[in-house]
Amino acid sequence: MQIESQKTFSEWLSDLPKAELHLHIDGTLQAHRLLSLAKKNDIALPYSTQEQVEAAYQFENLQSFLDLYYLGASVLIDESDFYHLMMDYLLKCKEQNIVHAEIMIEPQTYAPNGVSFVTMMRGFDRAIEQAQQEWGQSVALILSFLRHLDEDQCLETLEQARAFKQSFVAIGLASAERDNPPAKFARLYRAAQSQGYRTTAHAGEEGPANFIWDSLRVLNVERIDHGVRCVDDTALLNHLIKQQVALTVCPLSNTKLCVFDDMSQHNILDLLDRGLLVTVNSDDPAYFGGYLNENFLTLHEHLSMTREQALRLVENSFKASFLNDGDKVRYLEELSQAAKAS
Ligand code: ADE
Ligand code: ZN
């Protein structure tokens, strides 16, 4: 199918209603906000200007990024900090026409700094309610666990979350993948599923293809965050195609963290054309040089992604979301109308 339009790719893409399924709220902490919160909360950082912070966005691998990411999150202390962090991202959603966002929040990051679940959730909820009321923003929260911690700590956090269960649609698993295999969290996933949470987990980003298998078979997850290493295992590829297991792929993240040497090496369009349910996402946009639209633009620029491919990727995001079937149909219809009008 050839999509005819007078608009540039960028204009055309911006006008489409989109969903984002893989986004860590701490990964949206912009340098100016980091510095102003550090000053307000009297937290010492090794940076004093925005330029110095941004100069540190050079990563060799996932761990080198995580070190900066956790340092950044240490400036979040009171309710208004969490409100501003969430509101900054939701305003980006409005600007980029991201009508539905599934956002990972990681309470285990803040707990060592004395931040309670209540403080965090009050700030996040206030921003989300405002965005829902002011421009109809749709948001679903994912309670994301840190896999470098032990499973008992994660089970304790799951218990603390009981009082906020209605705020979360799913659980997820993030942080250092190497040496922290999915099987370490089998009890956590079983407990969360029995409480009615839906499920996703990071796998096959830096870790091997068998971490994707184990996430599916041991943790029973519904979708996989990243998953780009699936190409190393033909049986896995066939399984992902047959079962239409969604992969939430993050192109700019993958090149910034050296999962691929450069964007021209990225496999997302190959996976799409083989029939996998792949989606485009931004992961940690403040650190990786772009939000959702910029992730699409880089694929257009470096992999010659066509409008037809981009449209399929946007459709996939609604299909792979944790929305109910009625909302999926409604958003897919809005997308189809917007694509026809463009
Ligand atoms: N936490 C934030 N970004 C992450 C990523 N790309 N992989 C694993 N954990 C993360
Ligand atoms: Zn991620």
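A few points about this structure:
- Listed by position, the helices (runs of 4 or more DSSP H) enclosed by the range 276-342 include none that has at least 2 residues that are open to solvent by less than 10 Å² (accessible area, probe 1.4 Å) and among the acidic types (Asp, Glu).
- Unique residue being open to solvent by less than 20 Å² (accessible area, probe 1.4 Å) and either in contact with a His (Cβ under 6 Å, 6 or more places away or on another chain) or closer than 21 Å to Ile171 by Cα (or both) when the list is Leu76, Leu90, Leu37: Leu90
Okay, residues lined up against (1) over 25 Å from Met120 (Cα atoms); (2) charged (D, E, K, R); (3) open to solvent by less than 30 Å² (accessible area, probe 1.4 Å); (4) touching a Ser or Thr at 6+ places or on another chain (Cβ under 8 Å):
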position: Lys165; (1), (2), (3), (4): no, yes, no, no
position: Ser175; (1), (2), (3), (4): no, no, yes, no
position: Tyr189; (1), (2), (3), (4): no, no, yes, yes
position: Ala201; (1), (2), (3), (4): no, no, yes, yes
position: Glu206; (1), (2), (3), (4): yes, yes, no, no
position: Glu222; (1), (2), (3), (4): yes, yes, no, yes
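- Note on the range 193-211: residues that are small (Gly, Ala, Ser) and within 15 Å of ligand 2 (Cβ to nearest atom) amount to 4.
- Counting only helices (runs of 4 or more DSSP H) that sit wholly inside the range 5-55, those with at least 1 residues that are touching a residue at least 60 places away in the same chain (Cβ under 8 Å) are 9-15, 31-40.
- Here is the figure for the range 212-252: residues that are under 22 Å from His266 (Cβ atoms), more than 16 Å from ligand 2 (Cβ to nearest atom) and outside any helix (DSSP H, G or I) total 3.
- Residue among Asn61, Asn97 that is at pLDDT 95 or above, within 15 Å of ligand 2 (Cβ to nearest atom) and surrounded by fewer than 18 Cβ atoms within 10 Å (Cβ to Cβ): Asn61
- Residue in the range 231-239 that is under 19 Å from the mean Cα position of the chain (by Cα) and away from ligand 1 (no atom under 12 Å from the Cβ) present: no
- Residue count for the range 156-178, restricted to those that are under 22 Å from the mean Cα position of the chain (by Cα) and not in a strand (DSSP E or B): 11.
- Residues of the range 153-170 include none that is in contact with a Leu (Cβ under 7 Å, 6 or more places away or on another chain) and acidic (Asp, Glu).
- Criterion: in contact with a helix residue (DSSP H, G or I) (Cβ under 8 Å, 6 or more places away or on another chain) and under 21 Å from Ile98 (Cα atoms) - qualifying residue of Leu34, Leu13, Leu68: Leu13
- Qualifying residue in the range 276-283 (condition: within 15 Å of ligand 2 (Cβ to nearest atom) and among the small types (Gly, Ala, Ser)): yes
- Residue, nearest to ligand 2 (Cβ to nearest atom), within the range 102-121, restricted to residues that are among the hydroxyl-bearing types (Ser, Thr, Tyr), outside any loop (DSSP other than H, G, I, E, B) and without any contact (Cβ under 8 Å) to a residue 60 or more places away in the chain: Tyr110
The values are calculated or read from the model by the stated rules, or taken from the named source; none is laboratory data. Remember, predicted model here, so these are calculated numbers, not experimental data. We place every Cβ from the backbone using ideal geometry, glycine too, and count neighbours over all the protein chains shown. Just so you know, the surface numbers come from the protein's heavy atoms only, side chains and all, with ligands and any DNA or RNA stripped out. Shrake-Rupley method; radii C 1.70, N 1.55, O 1.52, S 1.80 Å.
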